[in-house]
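Presented below is the structure to which this report refers.
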Amino acid sequence: MTTIAPARPKPRAGLRGVFSRPEKPYIHPYLGGALLGIVLFLAFLITRNGLGASGGMNRYVAVVEDAIAPGHIDRTPYLLKLAGGAKNPLDDWSVPVITGALLGGMVSGFFNGRLKAEINKGPRITNRTRLLLAFTGGAIMAYGARMARGCTSGQGLSGGATLSAGSWALMMCIFGGAYALAYFLRKTWN
Amino acid sequence: MPIFPLQAFLQPLSENPWTYLVFGVIGFGFGYVLELSGFGNSKKLAAQFYFKDLTVLKVMFGAIVTAMVLIFLSSAVGILDFNLVYVPETYLWPGLLGGVIMGFGFIIGGFCPGTSVVSAATFKIDGILFLLGALFGVFAFGETEKFFDGFWHSSYFGRLTLMDVFHLPTGVVVLLVVLMALFMFWGGEQLERLIGKRDLAREPRLRYAGAGALIVVALAVLVLGQPDAADRWARVASAKEASLAAREVQIHPGELLANRADDKLNVLILDVRSEADYNVFHLDGARHVPLDQLRAIVPELLQQPAENTVTVVMSNDEAAATDAWKLLQAESVSNVYILEGGINNWIKVFGAAEREVTPTGTPVGSDRLAYLFPAALGSRYEAADPDANEWKIEYEPKVKLQRKRSPSGGGCG
């Protein structure tokens, strides 16, 4: 007796194939949490530092500023710490972490068929509005992240897991702020 | 000594270039798992705030409690030195205000910085725009921080943990946090059922096993307890006793004088004597920390810039200072030295000009003040702050500043 395997859709060759792989579902959130927790734990165990995103961004911005206006860096105390004098702003753990995260996200997107140029938004707003809000939200979020000395990764995950009192307090503020504004933005997401 | 964190990561990374690669691999895992969990999709993230899909809560707190129980279990069994782990410092008000601003940005833009990186990496246009906005935001912060520099550095509590705030043992806090997270997961599922119309019967049974595992590990942390001062000292005692006996860490008063005058060094002088002795005479800039209060300032010492901080402990002779040194060694504070011969030796070297300060004949080794002072002038005696340029003193230099990487890695976050 022979069974005939159902013909699989043949992946398209070339660059187009990269963007048309079959899309797989996301993993269960608890599994995602456990895996992320293990990554976070290994980071602390091996290196003493946790995970971070906004710090690495800060350093990429500082390197551009340093190239364009080195004198300006040396006159701004906040930037001086990152890139003053001969200091290389990229010589910090947060830089390879965020660079690795970009690659990791891309590789997972590739294997799971989620490398797709698209705009995720609520059904009631235009693409243009969504992109404008994304940029605005990004600027606000990052401004807050630097003020708090870390974002949901550097403070939320890393400070949360090491039981930092300030991190727990500010994590409540992140959720509080988002919930407080969510009602007014319900039409953009629902 | 606990083998983690690895020695190479306590030094400047450029001394071991492979360490960058390790951080890159960690970042890769970070990005991979974020994408796998759906964090590249802004709709999924925003759904959190309409109670339809609490993936954000589950992944984030799932990760926090998983990492937390593993960190404190590793510390309890002695493979991880928690004092060397970077705990984000608490700057209360900037943190709270920054948190609220971040919350606003989250719901407006649909991402946080880390998730936008993953989203951009999978070519989501809104993720790319958010990332560009975030880069603009950090730029804007760097340019405007000078207008509220005072506020940004205010309400500083240093390395402050929930254990310090609530005066509870680590194991209790760990267990409470696990229970709180499990309660939030349960509540989140109920919300998903009511508002998101999710059928909970289809959720995997395995999640109960996961919850059970978290509780078991948290209980293990509670039962094992975290290493106390005696445990910590026992781990390092043989090596440290050897350097005490070889007198590698007792620095000559002349070396302390030279170090105090060195602008490149951040010299912390800790005077562990009684308050009475301290009031009679102490070095200019010395901080009074009696032995029984020394442990309380350890978190502060751990957060000092590691590249250039030298801590010098002193008593009248060396006995109490040596106890203080041992405690700080056990707590993994780096670059700690003892003032050789203590305050008595300091006065012997620098007190010639003090006509009214007379020796009492107290035998060396008793760790009592061996001079009589006419008045309790503290640091207003000339010998309390000798001019390094006027004294030419021969000594054998012993301070070997170990090049260390600051825990936060220089900048913050």
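We did not get these values from a lab; they are worked out from the coordinates using the rules stated. Predicted model only: the values in this text are computed from it and were never measured. A quick note on method: Cβ atoms are made from the backbone with ideal geometry, for glycine too, and the neighbour counts reach across all protein chains shown.
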If only one of B:ILE79, B:ILE107 is in contact with a Phe, Trp or Tyr (Cβ under 6 Å, 6 or more places away or on another chain) and either more than 7 Å from chain A (Cβ to nearest Cβ) or on the phi > 0 side of the Ramachandran plot (or both), which one is it?
B:ILE79
Across segment B:110-121, what is the total count of residues that are farther than 20 Å from A:ALA178 by Cα and either surrounded by fewer than 24 Cβ atoms within 10 Å (Cβ to Cβ) or more than 7 Å from chain A (Cβ to nearest Cβ) (or both)?
1
Condition first: small (Gly, Ala, Ser) and within 15 Å of A:ALA53 (Cβ to Cβ). Now tell me which residues in segment A:93-113 satisfy that.
A:SER94, A:GLY100, A:ALA101, A:GLY104, A:GLY105
Hey, among the residues in segment B:222-256 that are touching a Ser or Thr at 6+ places or on another chain (Cβ under 7 Å) and either of a type in the set (A, V, I, L, M) or closer than 30 Å to B:ALA383 by Cβ (or both), which one's surrounded by the fewest Cβ atoms within 10 Å (Cβ to Cβ)?
B:LEU244
How about segment A:59-143: which helices (runs of 4 or more DSSP H) wholly inside it have at least 2 residues that are hydroxyl-bearing (Ser, Thr, Tyr)?
A:94-111
Considering residues of segment B:12-38 that are part of a loop (DSSP other than H, G, I, E, B) and more than 7 Å from chain A (Cβ to nearest Cβ) only, the residue farthest from the chain's Cα centre (by Cα)
B:PRO17
Within segment B:76-94, is even one residue buried (at least 22 other Cβ atoms within 10 Å of the Cβ), free of Cβ contacts under 8 Å to residues at least 24 places away in the same chain and touching a Gly at 6+ places or on another chain (Cβ under 7 Å)?
no
Taking the criterion of being in a helix (DSSP H, G or I), surrounded by 17 or more Cβ atoms within 10 Å (Cβ to Cβ) and either more than 7 Å from chain A (Cβ to nearest Cβ) or more than 27 Å from the chain's Cα centre (by Cα) (or both), would at least one residue in segment B:193-205 satisfy it?
no
From the option list B:ASP262, B:ASP277, B:ASP323, B:ASP284, single residue qualifying as among the acidic types (Asp, Glu), without any contact (Cβ under 8 Å) to a residue 12 or more places away in the chain and surrounded by fewer than 22 Cβ atoms within 10 Å (Cβ to Cβ) is B:ASP262
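One line per residue, one yes/no per condition, for (1) in contact with a Pro (Cβ under 8 Å, 6 or more places away or on another chain); (2) in a loop (DSSP other than H, G, I, E, B); (3) surrounded by 21 or more Cβ atoms within 10 Å (Cβ to Cβ):
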site	(1), (2), (3)
B:PHE106	no, no, yes
B:LYS146	yes, no, no
B:SER154	yes, yes, no
B:VAL173	no, no, yes
B:VAL177	no, no, yes
Given the residues B:GLU300, B:GLU356, which is the only one that is acidic (Asp, Glu) and under 30 Å from A:GLY52 (Cβ atoms)?
B:GLU300
